[in-house]
Every structure is written in structure tokens, then in C-alpha cells.
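Have a look at the structure below, then the notes.
The numbers here are math on the coordinates, done by the rules we state, and not lab data. Since the model is a prediction, treat every value here as computed from it, not as a measurement. All Cβ positions, glycine included, derive from the backbone under ideal geometry; neighbour counts span all protein chains shown.
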Ligand SMILES: [Zn+2]
């Protein structure tokens, strides 16, 4: 695979109607945090975080490739994109990142760089362990809906860094360099694919679950389990559907991790 170029792409043009198809209007899920739900089933989450350090909004996770124009338009209402942080590098999380580089730097954990600039997780996805229909669905989605291709990574972030008032945390499982953003003051966590609120078909589930160990083997084990308190006590926002809120967030995540 050829390495992605460091040259910036041209800003993308789009029509409002097409943007409406790609994603719903942003919803505020916490103070200064909005979720943009994209994809046909609106299961692909991209978060905008008010970035007082840089101005504009930080984009956490980049969703599928068709969401790029929706992300740009939603961010423009808040002063534009300050930086793009990938929760991890799987194709459905880096999808629009190549297009967003027209506006801002793309950052991820050092352990996710190789995949962000390479196969987008296909090196470690264990698709042979999935049921045939799921394998076909994911294969089609990866190729035609999710992946915008390798993205040049402009810089890295790691546990303990503070971005837009959130602390970067390492999260266990799923993918190399999976990171979340955690804000102590109101106990809000953005956690990418640390846990799921969908099944493998993208169908909503009433309780959080982890099904990813059957589909991927992280090369590097990071320090915390999803039962960690840092997955969010008041509100934990995953990469697909959610957020999970309420007084029993920790108990629900501990049950999912058991
Ligand atoms: Zn995902």
C-alpha cells in the first residue's frame, strides 16, 4: 500500500441535501460536546468538542467517509475544526479523516499511526471468525461506505495529554492505540469502540457489550479494562449509538466486561 501524502487535500464542496443524507443534525450530549450521527442507520458517531485552547471544535473520531462535509459544516457553526483526533484507526473511524486534513491536523496515538496510514485495521481484523452475513456486510461497508483510505498523521497524543479540556486515556482492547477523552469535572467520557451499543449488524442493543475481541486482536494491550471508571460515570459516549448515561453507567460497563 502506498503511504499517504503529507500534502493537504483541497477543501471539499457539498450540497446541504447531501449532507443531510450523510448525517443528522448535531446533538449536544454534554457541555460543549456534540455528537454527529452519520451513516445510513445513524450509528456512526463523530464528536465535536469545544476547543477553548485553539478556537473552534476538536473532532474526535472521523466516522465514515461520506460524513466529511457534514462534519465540516457542523464544525463551521462553532468556529471550524481545530484538530482531528482519531479514537483508533479502523476504517469506520478514520473514514473522513483524509478529507478533514484540508482543514486541520490529524492526530492519533503512536500505536495507531501505522494503521491510520496503512490498512485501517484490516491487518488485525479476524473476519474469518465472523458469521458469513456479517463478514459480507462488513466487507461491503468497509469498501464502499466506511473507508476514505490511508490518512497522513500529523502528530501523536498519548495518555495524560490534555486536549480541549479533556484528558487522553488509554483504553483496553479492540485496536492498537485506542484512546478515549475523559473530563473529570462532569465525568464525561468519549470512548470510541471501547464498548458497543450495537450488535455486529449495527442494530441497537439495550445494554453495552463487547463483541470486538472476536473480530480483532490488539497488538498491544493497553492498561485498562472497559470496566474502568474512566470509561465514564455520568456519561460514556461510544463510537456507535449511545451515549450511555445515568447513575449505573459503571455497573453496566462492568457487566459488559465480565
Ligand atoms: Zn467502530
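So if each residue of separation counts as 0.36 nm, and I subtract the Cα-Cα distance between residue 186 and residue 258, what length gain in nm does that give? Present the calculation step by step, with values, prior to reporting the outcome.
Values: separation 72, 0.36 × 72 = 25.92 nm, distance 2.62 nm.
Once the chain is fully extended between residue 186 and residue 258, it gains 23.3 nm.
Here 5, 43 are placed in order of increasing Cβ neighbour count within 10 Å, fewest first, which gives 5, 43.
Fewest-first ordering of 108, 209 by other beta carbons within 10 Å of each residue's beta carbon gives 209, 108.
Comparing Cα centroids, region 1-74 and region 127-204 end up 15 angstrom apart. Each distinct pair of alpha carbons in region 81-215 adds a 1/r term; the inverse of their mean, the Kirkwood radius, is 15.5 Å. Just so you know, the Cα atoms of region 64-103 work out to an Rg and Dmax of 9.8, 28 Å.
Could you state, as a whole-number percent, how many of the C-alpha pairs of the chain are farther apart than 35 Å? Percentage above 35 Å: 6.
What Kirkwood Rh does region 44-116 have if only Cα atoms enter the pairwise 1/r average? Answer in Å. Could the numbers behind the result be given before it?
Working: mean 1/r = 0.0852 Å⁻¹.
Computed over Cα pairs of region 44-116, the Kirkwood hydrodynamic radius comes out at 11.7 Å.
Which FRET efficiency value, to the nearest 0.05, do you get for residue 207 and residue 156 by plugging their Cβ-Cβ distance into 1/(1 + (r/R0)^6) with R0 = 22 Å? For residue 207 and residue 156, the calculated efficiency is 0.05. Restricted to Cα atoms, region 119-161 shows a radius of gyration and a Dmax of 14.2, 41 angstrom.
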